[in-house]
Amino acid sequence: MGPWRFLISRGGQYAIVLAVAISLNFVLPRLMPGSPLALLAGVEPSELTPEEREELISEAGLDQPMIVQYFRYWGNVLTFNFGTSFRMNEAIGDLILERLPWTLLITMTALLLSSLIGIALGVLAAWRRGRASDVVSLNTMIALDSTPSFWLGMLFVALFSVTLGWLPSYGAVTPGAQLAPWDAFVDIAAHAALPILTLTILSIPGIFLTMRYSTLSVMGEDFIRTAQAKGLTNTQVLSRHVVRNAIVPVSTVIALRLGFAFGGSVVIETVFSYPGLGRLVFEAVSSRDYPVMQATFLVFTIAVLVANILADLLYPRLDPRTRT
Amino acid sequence: MTPKPPSPSHPKTTGIPTVSFRARLAPRELTRPAPRDYTRLIGIVGAVIVGSLVLVAIFAPLIAPYDPTIRAGAPFSPPSAAHLLGTNDVGQDILSELIFGTRVSLMVGVVAASAAMLVGTAIGLVGGYFPRVGSIIMRGVDVVLVLPFLPLLIVLSAYLGRSVLNTILVIAFLIWAPTARVIRSQVLSLSRRDYVTAARSMNARDGYIIRRHVLPRTFLLAIGEFVAATSAAILLESSLSFLGLGDPLQKSWGSVLYWAQARGAFLTPAWQWWVVPPGLLIMLAALGFALLGYALEQKINPRLRRA
């Protein structure tokens with residue numbers, strides 16, 4: 001398959017995913033029992049006079065045929081008009097832009113750290129395959145993979161914030177504090193430290209396991225034997241031949257994690273009351289703020305798609321064999 | 001990190017350059033044969049963990065010291081002889097909550113994973129055995145795989161409402177896709193075998209070939225997938241319950257943690273008996289099923305993981 005055909009078929013697939021997500025958003029509130037008015041306008045129909053109800057229904061366009069409503073919904077989504085939040089009475093687009101930087105800060109930092117640590121440990125474990133250090137790190141990673149993220153976060157708060165008092169336990173900044181630029185930076189870093197630590201620890205196993213497996217399979221290749229035969233030291237073989245080849249599949253895993261890291265932030269931000277997108281989802285769910293839920297779900301879908309496209313573009317750059 | 005070169009077995013009589021010394025030893029260092037196979041041990045550990053949790057779930061009313069729904073003591077009491085893990089904010093015995101919670105957590109995991117296995121196997125079977133229809137179906141599977149997992153789970157459960165059945169449905173809806181993929185690749189390879197071609201040449205019907213040649217070898221694989229999916233489902237259930245989206249009437253390990261978080265248990269010494277034990281149980285259950293699933297898959301088809 002030529003590169004263009006590949007890109008077009010992938011692009012088509014991603015367009016379908018986006019369409020499915022948008023359609024799910026449209027269909028779900030209309031399928032649920034009860035009046036969609038409660039789900040779409042945030043009011044209980046029984047609390048209204050018939051006239052008010054009529055007015056709201058025509059305002060929300062619910063008296064139109066389904067197909068008209070569907071296309072109108074698409075128009076709104078494509079112009080980033082997500083409506084207003086029931087609870088906060090604020091345009092949802094603004095709300096998302098306000099929260100997005102915090103989520104980006106913790107997820108991207110955690111992704112960077114966990115990639116570095118996961119790759120380094122993965123190579124080391126593969127190199128010492130079958131020895132005590134490999135067995136111990138492999139088992140630790142498998143156990144970490146089964147650890148509920150929110151629980152680890154709660155333990156960190158109990159340990160680092162409450163018992164030791166080193167780090168703040170909630171929020172992204174000290175409320176109401178007027179700080180000099182450097183102190184403000186330290187304040188933000190201190191608040192982000194525990195969420196980042198939790199996210200990092202929990203992202204390491206996936207990267208570690210892929211890197212370890214990938215390194216092991218590269219080490220069995222003939223060109224490694226050749227490199228050894230021509231007299232390179234083990235360190236040279238490792239850095240020039242093994243790691244460079246082994247890192248290719250891992251880079252895809254990392255790019256894909258980029259999208260799913262957003263989703264994982266829902267639970268972590270809830271534990272630390274961190275004011276990012278994930279916390280916004282939790283707040284919307286607890287107060288039944290459906291438009292906010294829908295909009296954030298779309299943002300998460302777009303994040304995953306962007307990550308996938310990035311992986312598709314990255315792969316041929318790293319592995320010339322897939323270039324045609 | 002360079003492995004220490006072992007002492008040469010013979011004295012260096014001639015001036016053999018170090019290069020050839022390394023060249024002789026290092027490849028063996030790099031391509032050392034696989035170490036001892038721990039699959040059996042891993043499987044036994046997994047089976048013991050899963051087995052004990054199942055026993056706790058079955059005999060919960062006999063083991064639990066109190067009814068977890070009644071006020072058994074003063075609220076927020078620390079561990080004592082009467083309440084080994086203390087009591088929660090309304091005076092319920094935490095140990096009893098956890099013992100009964102085993103039932104909900106395991107049931108949601110097992111039922112959701114079974115449903116996902118049935119759907120995934122059926123779709124994988126059709127997708128693999130009929131390649132034309134299959135490629136279209138697998139496009140659909142790819143779409144499900146790309147949707148953001150946890151946010152979709154949260155949105156669906158928020159709309160459907162909080163009940164055990166809805167939790168099971170939502171989790172099953174999201175975890176069948178990987179199973180469908182694995183099963184499909186197995187069916188694809190099976191249906192190209194010579195004996196299938198032979199059966200076809202003798203005019204065997206598709207239903208017969210699937211029953212006789214494809215299903216028996218796919219079934220074992222599906223069981224391995226099922227056990228691994230249970231591990232994922234248990235973790236997902238705990239996340240949902242922690243976010244307050246679980247059944248309010250059925251306590252699971254995740255919902256014990258939800259209340260611990262809501263009442264700020266981790267800001268007081270209570271985290272030691274209110275936060276640590278439920279998390280350990282979730283971890284243990286997820287780990288037990290993951291280990292068991294890994295061992296089963298290795299036993300059934302050691303090569304599949306590479307494909």
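The values are calculated or read from the model by the stated rules, or taken from the named source; none is laboratory data. For clarity, every value in this text was computed on a predicted model and none was experimentally measured. Methodologically, a virtual Cβ is constructed for each residue, glycine included, from the backbone with ideal geometry; neighbour enumeration extends over all protein chains shown.
Here are some notes:
- Residues in segment B:111-126 include at least one that is more than 14 Å from every other protein chain (Cβ to nearest Cβ), of a type in the set (A, V, I, L, M), in contact with an Asp or Glu (Cβ under 7 Å, 6 or more places away or on another chain) and assigned to a helix (DSSP H, G or I).
- Checked against the criterion of being touching a Ser or Thr at 6+ places or on another chain (Cβ under 6 Å) and part of a loop (DSSP other than H, G, I, E, B), the candidates B:Gly246, B:Gly254 yield just one match: B:Gly246.
- When segment A:233-271 is limited to residues that are more than 7 Å from chain B (Cβ to nearest Cβ), free of Cβ contacts under 8 Å to residues at least 24 places away in the same chain and crowded, with 19+ Cβ neighbours inside 10 Å, the one that is farthest from A:Thr296 (Cα to Cα) turns out to be A:Val237.
- A:Phe156 being closer than 28 Å to A:Ala255 by Cα and assigned by TED's automatic domain parsing to the domain that holds A:Val271: yes
- Filtered residues of segment B:273-291 (kept if over 16 Å from B:Ile49 (Cβ atoms) and more than 8 Å from chain A (Cβ to nearest Cβ)): B:Trp273, B:Trp274
- Of everything listed in (1) modelled with pLDDT under 80; (2) over 30 Å from A:Gln294 (Cβ atoms), the single unmet condition for A:Gly259 is (2).
- Scope segment B:83-102; condition small (Gly, Ala, Ser) and at pLDDT 75 or above; matching residues: B:Gly86, B:Ser96, B:Gly101
- B:Ile171 more than 14 Å from chain A (Cβ to nearest Cβ) and within 22 Å of A:Leu31 (Cα to Cα): yes
- A count restricted to segment A:88-130 and to residues that are among the β-branched types (Val, Ile, Thr) and outside any helix (DSSP H, G or I) stands at 0.
- When B:Ile154, B:Ile171 are checked against the criterion of being in a helix (DSSP H, G or I), within 17 Å of the chain's Cα centre (by Cα), surrounded by 21 or more Cβ atoms within 10 Å (Cβ to Cβ) and not hydroxyl-bearing (Ser, Thr, Tyr), B:Ile171 stands alone in meeting it.
- Filter result for B:Ile209 (crowded, with 17+ Cβ neighbours inside 10 Å and under 28 Å from the mean Cα position of the chain (by Cα)): no
- Conditions (1) surrounded by fewer than 19 Cβ atoms within 10 Å (Cβ to Cβ); (2) within 9 Å of chain B (Cβ to nearest Cβ): number failed by A:Phe150: (1)
- B:Ala229 out of contact with any His (no Cβ under 6 Å at 6 or more places or on another chain), more than 10 Å from every other protein chain (Cβ to nearest Cβ) and without any contact (Cβ under 8 Å) to a residue 60 or more places away in the chain: no
- Some residue of segment B:246-260 being surrounded by 23 or more Cβ atoms within 10 Å (Cβ to Cβ), in contact (Cβ under 8 Å) with a residue 24 or more places away in the chain, under 25 Å from the mean Cα position of the chain (by Cα) and within 30 Å of B:Ala122 (Cα to Cα): yes
- Of all the numbered requirements in (1) within 11 Å of chain B (Cβ to nearest Cβ); (2) touching a residue at least 12 places away in the same chain (Cβ under 8 Å), A:Asp222 misses one, and that requirement is (2).
- Test: residue in segment B:181-202 that is touching a helix residue (DSSP H, G or I) at 6+ places or on another chain (Cβ under 8 Å) and without any contact (Cβ under 8 Å) to a residue 12 or more places away in the chain: yes
- Within segment A:271-301, the set of residues being polar (S, T, N, Q) and in contact with a Lys or Arg (Cβ under 6 Å, 6 or more places away or on another chain) comprises just one member, A:Ser287.
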